[in-house]
Amino acid sequence: MSSTPCSPRWTRPPRSSRPRRRPGTDVALLSPPRAREERGGPTTLELEAPRYRAGRARPAWVSIPLRFLVPALIVAAWWIGSATGAIPEEILAGPPAVWRAFTELYQTGQLVDFSIASFKRAAVGVFFGVLIGLALGVLSGLSSLGEELIDSTMQINRAIPFLALVPLFIAWFGIDETFKVLLIAVATVGPMYAYTYLGVRNVDRKMVEAAQSFGLRGWRLVFGAILPAALPGVLMALRICLSISITGLIAAEQVGTREGIGYLVTLAQEYNRTDYMVLCVVLYAVLGLIFDGIVRVIEKFAMPWRGQVAVR
C-alpha cells in the first residue's frame, strides 16, 4: 500500500491569538489620517506643521513705558515727600535741588568730563577682567587638568572681598590709573570665570561629538560650538560683571583722583552737599543702565531666539 504525502492545509489561528478590538471602536480611527479619506489608494501619512504658540510681542510704545513705570513711581513719591516736608532737605535733597546741581555741573563742563573718565575706567577694567575670566573658565571647563590647576585659585579669589585689596593695590601700584583699572578687573574676573565654567560644563556632549564629526577641532571647536552653546551663561556673567564694576569704580575713585564720579562724591561728602550726593547716585544708575543696554543689544543679535521663550 503506497502512502501519498499529505498536502499542506491552512489552519485558522485560535481565537485567543487574534488581536481583539473593543466593541464600538471604528477601524477607521486606527488608520492614518490620509487613509481615512482615501480608502482605495495607497496609505500615506501627511504631517501638519505645528502651530507657533508663542504670544505676540508687545509694541514698543507699550513695552518702553512699562520698563520705566516703577522708577517713575519712585521718583514721584520722592518728589511728593520732599515737597510736603516729609523728607527733610538735610537728609535727602529733592528733585528740584538735584536738577539745579546737574545744570550747574553741566554748565561748567565738569559733569561730562567726570562721566567720561568714570566710563573709561570701568570699561577698561571690565574688558581685562572679562577676557581673563572667560579664558580661565573655558580652560577649566574643558580640561580636567585645567580645572585642577585653575579652579582652586579662582575660588580663593572669589572668596576674598576685592575691597580688602585696596590698601595692598595702593602699596603695589600706587594711586594712578593702573590701580583703578586693576581693582575693577579683579572684581569682575571671578563672576566671569564661574559662569563661563558652568556654561561650558553644561554643554551637551552629543552636540560636541556632532561638531567633531564635521571636522571641528581645537580652537575651532571652542569658538564654533562650545562657546555659542555656553553663550547664555557668558552674557549673564557679563551683566553681573558690569554691575560689580560700578562698585569697584566707586572704591577706586575715592583715592588719588581729580576727576570722576567718585571724586565728586568725595567733594559732596566734605561739603555736606546732599544734592551732589544724590546726583552721583543718579549718574551711577545711568551708567548701569548704559551697561545693561549694551548687554541687551548683544543678546538680541547673538541669541535672537531668547525672546520667544518668555510668556507674553
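What follows is calculated from the coordinates using simple rules that are stated; it is not laboratory data. In this text the structure is predicted, and so the values were computed from the model without any measurement. Note that each Cβ is placed from the backbone with ideal geometry, even for glycine, and that neighbours are counted across all protein chains shown.
A few notes on this one:
- Think of the stretch 99-302 as having a plus end and a minus end, set by charges on the Cβ of Lys, Arg, Asp and Glu; of M207, V295, I160, M207 sits farthest toward the positive end of this dipole.
- The stretch 99-302, dipole about Cα centre (Lys/Arg Cβ +1, Asp/Glu Cβ -1), debye to the nearest 20: 500
- FRET efficiency, L149 to L69 (Cβ-Cβ, R0 45 Å, nearest 0.05): 0.40
- Computed over the alpha-carbon atoms, the stretch 99-302 gives an Rg to Rh ratio of 1.07, Rh here being the Kirkwood radius from the mean inverse distance.
- Per-residue Karplus couplings for the stretch 255-261, computed as 6.51 cos²θ - 1.76 cosθ + 1.60 with θ equal to phi - 60°, are listed in order as 10, x, 9, 10, 8, x, 5 Hz, Gly and Pro entered as x.
- Nearest-0.05 FRET efficiency for S243 and R205, computed from C-beta distance (R0 30 Å): 0.40
- Calculated from backbone phi, Karplus (6.51, -1.76, 1.60) coupling profile of the stretch 109-115 in Hz, x at Gly/Pro: x, 6, 4, 5, 5, 5, 5
- Cβ-defined net charge surrounding A122, 11 Å radius [Lys, Arg +1; Asp, Glu -1]: +2
- Potential lengthening between Q269 and E89 on full extension [0.36 nm per residue; Cα-Cα distance subtracted]: 63.3 nm
- Size of electric dipole in the stretch 205-312: Cβ of Lys, Arg +1 and of Asp, Glu -1, about Cα centre, debye, nearest 20: 720
- Point-to-point label distance, V62-I116, nm (Cα→Cβ direction, 7 Å offset): 4.2
- The label point for I160 and the one for F301, both projected 7 Å from the Cα toward the Cβ, are 3.7 nm apart.
- Eligible lysines near K300 by straight Cα distance, threshold 27 Å, same-chain separation 8 or greater: K120, K206
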